[in-house]
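Participant: Before anything else, here's the structure in question.
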Amino acid sequence: MDDVIDRFGAERVWVATVASLAAAVVLGALLFPQQVYVEIIWQYFWGPVVADAHSWNCATLVDGQAVSCAEAPADASPTAEPGYTFVSYAGYIPTLVLMLTGVIFLVRRLEIERYRAGFFALFPFMLFGGALRVVEDANAAAFVYTGEMAIDLPWSGFIISPLIYFTVFFVALLAVVSSVWLERNDYVSGYEYPLAGIGTGLLTLTVLFLAYTAATKGYAEFYPLVPLVILVGATLTTAITWVALERFAPELNRGTGYMGIVVIWAHAVDGVANVIGLDWATSLGLPANLVPKHPINRAIANTTADVLPANIVSITGSAWPFLFVKIAAAVFVIWIFDETVFEDSPRYAVLLMITVVAVGLGPGTRDMLRATFGV
């Protein structure tokens, strides 16, 4: 492999690898539609998206059409449930690695040097990703309420997890390239300014759309106390954590600097949003508490409910340990990304920091806005 890379160059090898894998998947689906498309692509990748889009617990194929398992014959197969499986992880993780490798090549080719400025400029895109996912939650609520989707498949599939990660990725990538072009042609003094502006604009438009939906549609409402409580709670949690680190372990913050505050706040939003949404949503006006969408917070809430006495859980709720897990994970990341990491590989370090923030802030923003607009 080293000889091949030396001969053709790492970027050409990457392009050839991506093109070969894409061609193999398409060719396999065309030549062996049942074995490749139905039993692999549909069952583990597209079927879960279809089920999620319709708010079905399970989807299956009947005469080539996707239907709810509840409306299909008992022996219908294959079946797909919303969420992830080991097979889908086996496909998504290598794809993510390939994409990150491509980003590294692109950043190097664009000769971007102010990495930390790019980190903060991309912050609105992480909020935008979570807000865009709530658009699909509203779309699924519309289907349940009216029997019709505001955004039909396959288009709505691109704003459902995990495809939404790729959608936001390519939107952000286009924004980065455009912003660098504006800087190189002396239209702006720094690429970070238009980049942050594009992300903020997209976030604003998405939230305005959700607000319009809540104001005009019967399947959504506006609960203003929800974002207020979550954002105040996350900010207080971040402040307490940061002050404690500065006082008792200041060496942990020297590598990340103020980026560490963003990391902690992103995961605090996710943690507080889960606590409020799963245990206290009814106290803030919602008709029912939310149902956990991810296996980790679901497992933590279930374990807490099983371990603690029922009378204690009725007072404290069962989701609060998730907040401590998120804060501990954020502090661990800050500890790992010390000064040496940023000195040796600043490009890779900042790219991984962006990924860490997105993993926390994307789901956190989604959970907050799901509760805010009652979808």
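The values are calculated or read from the model by the stated rules, or taken from the named source; none is laboratory data. The model shown is predicted, which means the values in this text are computed figures rather than measured ones. Quick reminder, even Gly has a Cβ in these numbers, built from the backbone with ideal geometry, and neighbours come from all protein chains shown. Calculation scope for accessible area: heavy atoms of the full protein, side chains included, ligands and nucleic acids excluded. Shrake-Rupley method; radii C 1.70, N 1.55, O 1.52, S 1.80 Å.
Participant: Let me check against my output: what whole-number percent is the relative contact order of the chain, with C-alpha pairs under 8 Å and at least 6 apart?
Facilitator: Relative contact order comes out at 18 percent.
Participant: Among the trypsin sites (Lys or Arg not before Pro) within the range 61-118, which fall in a DSSP loop and have no more than 15 other Cβ atoms within 10 Å of their own Cβ?
Facilitator: Within the range 61-118, the qualifying trypsin sites (Lys or Arg not before Pro) (loop, at most 15 other Cβ atoms within 10 Å) are Arg114.
Participant: Under the definition of Cα pairs under 8 Å and six or more residues apart, what whole-number percent is the relative contact order of the range 26-84?
Facilitator: 33
Participant: Would you kindly give the portion of the calculated P(r) for the range 144-186 that falls above 16 Å, as a percent of all Cα pairs?
Facilitator: Percent of Cα pairs beyond 16 Å in the range 144-186: 56.
Participant: Based on DSSP H runs of at least 4 residues, each adding -39500 (n - 2.57), what is the mean residue ellipticity at 222 nm of the chain after dividing by all its residues, to the nearest 500 deg cm²/dmol?
Facilitator: -22500 deg cm²/dmol
Participant: Roughly speaking, to the nearest percent, how much of the chain's 1.4 Å accessible area is carbon and sulfur?
Facilitator: 67
Participant: Whole number in Å², please: accessible area per residue of the range 323-375, 1.4 Å probe, ligands, DNA and RNA not counted.
Facilitator: That works out to 41 Å² per residue.
Participant: Further, regarding this structure: Would you kindly find the accessible area of Lys217, with a 1.4 Å probe and non-protein molecules such as ligands, DNA and RNA excluded, rounding to the nearest 10 Å²?
Facilitator: Accessible surface of Lys217 is approximately 90 Å².
Participant: Okay, next question. In the range 98-165, which GluC sites (Glu not before Pro) fall in coil by DSSP and have 16 or fewer other Cβ atoms within 10 Å?
Facilitator: Glu111, Glu113, Glu148
Participant: So if I take the centroid of the Cα atoms in the range 106-170 and the same for the range 51-104, what is the distance between those two points in Å?
Facilitator: If you average the Cα positions of each part, the centres end up 18 Å apart.
Participant: Quick one: which residues, 5+ away or cross-chain, put their amide H under 5 Å from the amide H of Val62? H built at 1.01 Å from N.
Facilitator: Val67
Participant: Thr79: net charge of surrounding residues, Cβ under 13 Å, Lys/Arg +1, Asp/Glu -1, itself excluded?
Facilitator: With Lys, Arg at +1 and Asp, Glu at -1, the neighbours total -4.
Participant: Also, I was wondering about something else. Please list the three semi-axes, largest first and in whole Å, of the ellipsoid equivalent to the range 252-369, using sqrt of 5 times the eigenvalues of its alpha carbon gyration tensor.
Facilitator: 32, 14, 10
Participant: A further question follows. Scan the chain and note any complete DSSP helix (H) whose C-alpha atoms cover at least 15 Å along its axis and whose Kyte-Doolittle average is 1.0 or more.
Facilitator: TM-like helix candidates: 10-31, 86-110, 163-184, 192-216, 225-248, 259-275, 320-336.
Participant: Provide Rg and Dmax in Å for the range 151-282, with only Cα atoms included in the calculation.
Facilitator: Cα only, the range 151-282: 18.9, 53 Å (Rg, Dmax).
Participant: Which value does Rg/Rh take for the chain over its C-alpha atoms, Rh per Kirkwood?
Facilitator: Rg divided by Rh gives 0.98.
Participant: Here is a follow-up. Rounded to the nearest whole Å², what accessible area per residue is found for the range 1-100 with the 1.4 Å probe?
Facilitator: 64
Participant: Can you tell me which of Ala72, Ala220, Ala141 moves the most in a GNM of the chain? Springs connect C-alpha atoms under 10 Å apart.
Facilitator: Ala72
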